[in-house]
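Only one structure is covered here, and it is reproduced in the block below.
Since every read-out is calculated from the coordinates, none of them should be taken as a lab result. Small disclaimer: the values here were computed from a predicted structure and weren't measured. Every residue, glycine among them, receives a Cβ derived from its backbone with ideal geometry; neighbour counts consider all protein chains shown.
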Amino acid sequence: MYQIVINIVEFVIVFLLVYICLYIFSYRKIGEYNRKKATTGVKYLSYKYKLDIGKIGYKRICKTLLYCDSFIVSALFTLTKIVDNIYIRLLVCAILIFPLFVFVYYLVYRYYKKESEL
């Protein structure tokens, strides 16, 4: 039970650190929506899922993706913590990162699609 609590606390600490860093270095610099200067996550959502970024709100999507990216990084940290060898840990992260991004961004798409239908 003690180890589970430690893992949850580490997850929350990593989540908050990543969120604060991403907020300071990326979210504060966001201006108006420009298709050419949009972040990679926003471009992925608009091209893959044909989401209307202007209708939903560029800053709103960026803030949601900020939470999602922080979750992905902290989940990868927590999931790969059991691996002791750093090279194997990096390999496992490289394998897990793309399916995790696709799944989380798909959930974001579903959320905004349902919201736009209301």
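Please find, within region 50-94, the residue that is farthest from R35 (Cα to Cα) out of those that are charged (D, E, K, R) and assigned to a helix (DSSP H, G or I).
This residue is K81.
Is it the case that V5 is crowded, with 17+ Cβ neighbours inside 10 Å and in a helix (DSSP H, G or I)?
Answer is no for this residue.
Among the candidates T64, T80, T40, which residue alone is hydroxyl-bearing (S, T, Y) and free of Cβ contacts under 8 Å to residues at least 12 places away in the same chain?
T40
Here is a list: Y27, Y112, Y44, Y33. Which entry is surrounded by fewer than 16 Cβ atoms within 10 Å (Cβ to Cβ) and among the hydroxyl-bearing types (S, T, Y)?
Testing whether each residue is surrounded by fewer than 16 Cβ atoms within 10 Å (Cβ to Cβ) and among the hydroxyl-bearing types (S, T, Y) leaves just Y27.
Can you tell me which residues in region 18-49 are among the aromatic types (F, W, Y) and either within 17 Å of the chain's Cα centre (by Cα) or not in a helix (DSSP H, G or I) (or both)?
Within region 18-49, Y19, Y23, F25, Y27, Y33, Y44, Y49 meet the criteria.
Specify which of the listed residues (K55, K113, K50) is free of Cβ contacts under 8 Å to residues at least 40 places away in the same chain and more than 28 Å from V9 (Cα to Cα).
K50
Could you list all residues from region 69-103 that are exposed (fewer than 12 other Cβ atoms within 10 Å of the Cβ) and aromatic (F, W, Y)?
Y87, F98, F103
Considering only region 100-109, I want to know if a residue exists there that is touching an Asp or Glu at 6+ places or on another chain (Cβ under 9 Å) and not in a loop (DSSP other than H, G, I, E, B).
yes
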